[in-house]
Every structure is written in structure tokens, then in C-alpha cells.
1. Residues that are closer than 30 Å to residue A:102 by Cβ, within 14 Å of another protein chain (Cβ to nearest Cβ), among the aliphatic types (A, V, I, L, M) and surrounded by 18 or more Cβ atoms within 10 Å (Cβ to Cβ): does the range A:195-209 have at least one?
2. Would you confirm whether or not the range A:12-29 contains a residue that is closer than 24 Å to residue A:142 by Cβ and of a type in the set (A, V, I, L, M, F, W, C)?
3. Which numbered condition in (1) within 18 Å of residue B:73 (Cα to Cα); (2) within 11 Å of chain A (Cβ to nearest Cβ); (3) part of a helix (DSSP H, G or I) is the only one that residue B:11 fails?
4. Out of curiosity, is residue A:238 under 21 Å from residue A:42 (Cα atoms), surrounded by 15 or more Cβ atoms within 10 Å (Cβ to Cβ) and not hydrophobic (A, V, I, L, M, F, W, C)?
5. Quick one: which residue in B:68, B:17 is free of Cβ contacts under 8 Å to residues at least 24 places away in the same chain and either in contact with a strand residue (DSSP E or B) (Cβ under 8 Å, 6 or more places away or on another chain) or β-branched (Val, Ile, Thr) (or both)?
6. Taking the condition farther than 25 Å from residue A:393 by Cβ and crowded, with 24+ Cβ neighbours inside 10 Å, does residue A:85 pass?
7. Going through the range A:146-159 one residue at a time, which ones are assigned to a loop (DSSP other than H, G, I, E, B) and in contact with a Cys (Cβ under 8 Å, 6 or more places away or on another chain)?
Amino acid sequence: METRLKPDEQKVVVTGIGIVSAIGHHREEFSRNLFAGKTGIRKIQSFDATPFRTQTGAEVSGIDLASYVTHAEFIQFDRLCLLMIAAADEATADAALHLEQDGKDLGVILGTGLGPSSAIEDSVRRVRSGARLRPTTILRMMLSSPAAALCARYQARRESHVHVTACASSAHAIGQAADYIRSGGMDLCLAGGCDAFPSFTLFAAWDAMGIMSPDNEQPSQAVRPFSAGRTGFVIGEGAAALVLESEKRANSRGARIYAELAGCGSCSDTPSLTKPSVEGMVTAMSRGLRNAGLTPDEIGHVNAHGTATQINDNLETRALHQVFGDHARDLQISATKASHGHTMGAAGAVEAVATILALQHGLAPPTLNLREADPECDLNYTAGDAREMNCSAAISNSFAFGGHYVSLLFNRAPAARLT
Amino acid sequence: MNNEILGVIADYLDVDVSAVHPEATLEGLGIDSVDFLEILFEIEEKLGMRFKGEYKSFQNELHSIGDVIRLVEQHGQNSLPSPSVEHK
């Protein structure tokens, strides 16, 4: 499948992947667990959640984040930076970058939604108790800290910024990086995003809104996208990074190519800060298709935003009908938040990885806990097990509070490029 | 207490404690102005004491590890409200 590019535009390809999530600390583990239908949703471990309506989450455990950094960095960085470093180290190694030479050309464009909430909460507690703050606290609190940390680590000097658009943050970051490369303004970029599990107070704020699943008895079944009687999402944490580069650059160094990042569509929508709209979803997907030069019937797989809230899943289904028409029924749709949780600002990047892996393996990840679909949700959501699919292009949706809508589109790489 | 101070500094710098001896200079150990502030903070946290005054006010009088040890001795071990646990 060929993206229809203008003569002066560069094709954007994915040459490295790194991920840390509740279902895997690296790409292969994430892939294995995602397709096997495992979930990382459990009773919350990082604080006592018994005061809350929702007591489950998808936390990352069993990874030694201290082993990635110096002692000074470990005590100075917020957890979201450490998660980002772990994912980015994997991605840069996976892409076989030579950072001592590549650093000068490397951009770092990330997204985060929640930011370093533990740093803020710890600081409030210390100031109130009369204790001194760590001198570098402000560096830990900066929302741009994950990008700053990666730039310092890799000597990345091309350009760096962090997008903050709630649950679309890292999808925006990936889309922006792709635009830069496509237009020739940049050749190589580490793009993705991160969010750590919320602090106690931030979690209380999410809990107060009542949109997380309160089904605490069986955490693995708490999130049921597109199903009848679904009760919302569960917050997760994680980080994911893609090494994006122009196809020309990737070819010149013989890099392995996972997929082509064919296009990105985005829009903002203002009727409500919290209520999504079909119009916003349709606009993002339609713009993405145009940007990629793809027609709706060329798309075979959708990684849905699929939050398992009543409203999102109904409206996303309607938007898919509107964009894809009769072809909507042929789409193999997956909602993977029931596996890795809703990773907030990292979600766009985590689900971009899931989408690329789905194309690579010709396999749609299962949508967990979907036994009886909501009558309003009448498409093929990959209930049960992972499903084989012959699909050459896919779309990953991220729709956020505040009316931020982003759709990323990927083309499968020719098989020869995956070895 | 001296060993504790040396241990805190060595941990912060990720170096063997043998490299952190009273004659070693801060400059020689590569301690910049931000490291200096962070090391004083780490000493307060780990030793449960508090320097009287702002860290910056000590910057011109501390040149070696021995100077840091003397500063801790001068300020003594004051008990403090217990610090919070940082989530990682």
C-alpha cells in the first residue's frame, strides 16, 4: 500500500519500538500478553484505595527502574520520567541508533496527560510539615521533564517538546513528529509519551468524577469495552516510544521497518469539556484518511479509543459507521484498554504500538470481557480470542477530555523489511 | 557519623566510597552547584538533621569533603519532622 505523498514529501517509517506497561516491560512481552488476552488490571498496590469507589488499576510492577539511571537521577526524576527512559532505551536500541552520531539529528517529541503528580503531592506534604524541599524539585515537577531527560540522555539536539492534551497527548506527539519528518523538517525523531499512576489525591479527583469502573471484586473483568452493562475504564500507567524516521534515511542505513506511519488526523471540538461528539471523532478519522491518502475500504483494523464508558463506545461506534459506511462491518476492531488500562497521556503511544504489532503479526488483539455486546455497539470488536486478519492498513483513535481528537494511521511494512 | 556522610555522598555520585575522602575536593569529584545543593539535602534526609540556614549560604566556604564533614559537625543532629516517602 502506498501513501499518496506530494513530490517533496518524505515517507515516515517506524524503525524502533519500546514500551513499558502493566502487561509487559518490553515489546515482546507486551505483544505476547496482549495477543494472549492477559490483563494488567489488579487491586491498586501503590496506595490504600479503600476510601475510593474504584479500587483497581493497571500499575507497572516488577521492573527495576533504578537500574536504568544513576542514583542522582533516580532520586531527582519523577516516576513518569523513569518509565519513559525505560521505553526510550528499548526503542533506540531496537532501532540500532548510534546516538553519538545520531544525537545531533534526533528530535524528541512526547506527550503526557497527568504529569508528575507524585512529585507535586510529595512536595505539598513536605511544605505543610515544615520540611525542606529537594533543591531540584522544580525539575521533577516540569511537565517537559520527560523530554528534557531523554535529550540529556541521548544528546538529542534537533528539537524537543511535550504535548499536553489529556488522553490524546502522545497521539498528538506522534502526529506532530510525523508531520515534521514528512515535510522534510526533521529526519529522525523519538516520539511517544508517558504517564505514571496518579498520586493519591489525583486518583481521588478521578474517582470523584465517577467514570472509572467500580467493579472491584473481579479486577480482571472490571473493564468491558463495547459490552452491555459496561461501567467505565480503569487507570493504567506506562510509556511507549517509537523511533520515527524518513524512509530515505531508514533505507540508507538498512534499518528494519515495522510499519509506515501513513498519516494523522486531528481536530478540536468544543461542545463540552467531557462529553465526546460523533462529529469530532468523524473529523479526526476522515482527516487522517485524507492525510494518509487512504480510502476507508483500505483500512482493515481499528484500535478503538474504547474506554468502556457508556458514551464513548456508543459514539465511537456511530462515528465508525459514518466514516466507513458498509465497510464498518468488515473492520476488525480492538479495544485494548481492558488489557493495559487507560494509560492516559501515554495511551496514544501505547495503542500505536498495539496497532503496529497487530499489522506486523496479522492479528487483532482481543477486546477482553466482551460477552454480550451493547445493542448500540453493533460492529466486530474481536470478542474472545485474538483474530487473524489480512490487513494492510490500520487506524488508532485517541479522543480526550477537552475535545482533543487524534487518529493515527499505519500501513503494514512489506514482510521483507521486518527481518 | 563521618562514614555515614561519606556514604551518602558516594551514593549520590555513584562512586566507590574510597573516592570520597576528607581531602577530596568538590571540584575534583565533579560536584557542580546543583549537586552541591542536592548533597546537602541528601545529608539532611539520611542523617535526620537540618543545617541552620540556606544551602546557598555555605557554598563559598565548602571546598572539600572535609569542609562538608565539619559543617555537619557544627550544625549537629537536630531532629526533624519525618520526610515523606517518594513514590517510584
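1. Just the residues of the range A:195-209 that are closer than 30 Å to residue A:102 by Cβ, to begin with: A:195-196.
Subset that is within 14 Å of another protein chain (Cβ to nearest Cβ): A:195-196.
Among the residues that remain, those that are also among the aliphatic types (A, V, I, L, M) are: A:196.
Filter once more, keeping what is surrounded by 18 or more Cβ atoms within 10 Å (Cβ to Cβ): A:196.
Scanning the range A:195-209 turns up at least one residue that is closer than 30 Å to residue A:102 by Cβ, within 14 Å of another protein chain (Cβ to nearest Cβ), among the aliphatic types (A, V, I, L, M) and surrounded by 18 or more Cβ atoms within 10 Å (Cβ to Cβ).
2. yes
3. In the conditions (1) within 18 Å of residue B:73 (Cα to Cα); (2) within 11 Å of chain A (Cβ to nearest Cβ); (3) part of a helix (DSSP H, G or I), residue B:11 misses (1) alone.
4. Numbers: under 21 Å from residue A:42 (Cα atoms): yes; surrounded by 15 or more Cβ atoms within 10 Å (Cβ to Cβ): yes; not hydrophobic (A, V, I, L, M, F, W, C): yes.
Judged against the criteria, residue A:238 is a match.
5. Residue meeting the stated conditions: B:17.
6. Numbers: farther than 25 Å from residue A:393 by Cβ: yes; crowded, with 24+ Cβ neighbours inside 10 Å: yes.
Answer is yes for this residue.
7. Just the residues of the range A:146-159 that are assigned to a loop (DSSP other than H, G, I, E, B), to begin with: A:155-158.
A:157, A:158, listed by residue number.
Quick grid of which residues meet (1) over 19 Å from residue A:26 (Cβ atoms); (2) within 13 Å of chain B (Cβ to nearest Cβ); (3) assigned to a loop (DSSP other than H, G, I, E, B):
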{"residue": "A:61", "(1), (2), (3)": "no, yes, yes"}
{"residue": "A:66", "(1), (2), (3)": "no, yes, no"}
{"residue": "A:75", "(1), (2), (3)": "yes, yes, no"}
{"residue": "A:85", "(1), (2), (3)": "no, yes, no"}
{"residue": "A:101", "(1), (2), (3)": "yes, no, no"}
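The values are calculated or read from the model by the stated rules, or taken from the named source; none is laboratory data. Just so you know, these numbers come straight off a predicted model, no measurement behind them. All Cβ positions, even for glycine, are placed from backbone atoms using ideal geometry, and neighbour counts span all protein chains on display.
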